[in-house]
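The values are calculated or read from the model by the stated rules, or taken from the named source; none is laboratory data. None of these values were measured; they are calculated from a predicted model. Quick note on the areas: whole protein, heavy atoms, side chains included, nothing else; ligands and nucleic acids left out. Shrake-Rupley method; radii C 1.70, N 1.55, O 1.52, S 1.80 Å.
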Amino acid sequence: DIKVTSVDTISTYDEEKIVDYFAIAGLLQRLEESFKAEVILRKLINLRAESDHTSRMKSNHPEVLHLKRSLETVLRQQNLIEEADIIREQREKYGEYDALSSVKASCCYIYTNQGLAERLF
């Protein structure tokens with residue numbers, strides 16, 4: 001029995017649903033359903049900016065930068081170049097994160113429920 005939850009009802013501490021919606025956004029992006037992916041990614045960025053279980057995640061946190069990179073991509077798919085450029089400039093302000101940080105961000109999504117994410121940073 002599958003229960004569908006609206007992205008608008010996800011709370012800051014609902015890690016399982018956050019991970020699920022990140023995966024859904026990626027699938028939508030690949031299927032060129034970029035508007036739907038954009039809605040999800042904006043919500044996830046807002047949730048991650050609210051809390052990382054102890055304090056606000058900073059804009060240069062690898063997980064936030066990873067989400068913003070995905071948002072930039074879907075904005076470009078929609079030909080919203082000016083807004084995508086703003087997102088890129090925000091990311092560049094903190095320095096482009098390296099491949100290792102990207103892997104850490106992905107692992108953070110996967111392992112947060114297991115209490116292992118803090119070991120990645």
Mind grabbing the accessible area of V19 for me, 1.4 Å probe, Å², rounded to tens? 40 Å²
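If DNA, RNA and ligands are ignored and the probe is 1.4 Å, what is the ranking of L80, L27, L47 by accessible area, most exposed first?
L27, L80, L47
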Sequence order, the range 35-48: Karplus ³J(HN,Hα) from phi using 6.51 cos²θ - 1.76 cosθ + 1.60, θ = phi - 60°, Hz rounded, Gly and Pro as x, gives 5, 5, 4, 4, 4, 5, 5, 4, 5, 5, 4, 4, 5, 5
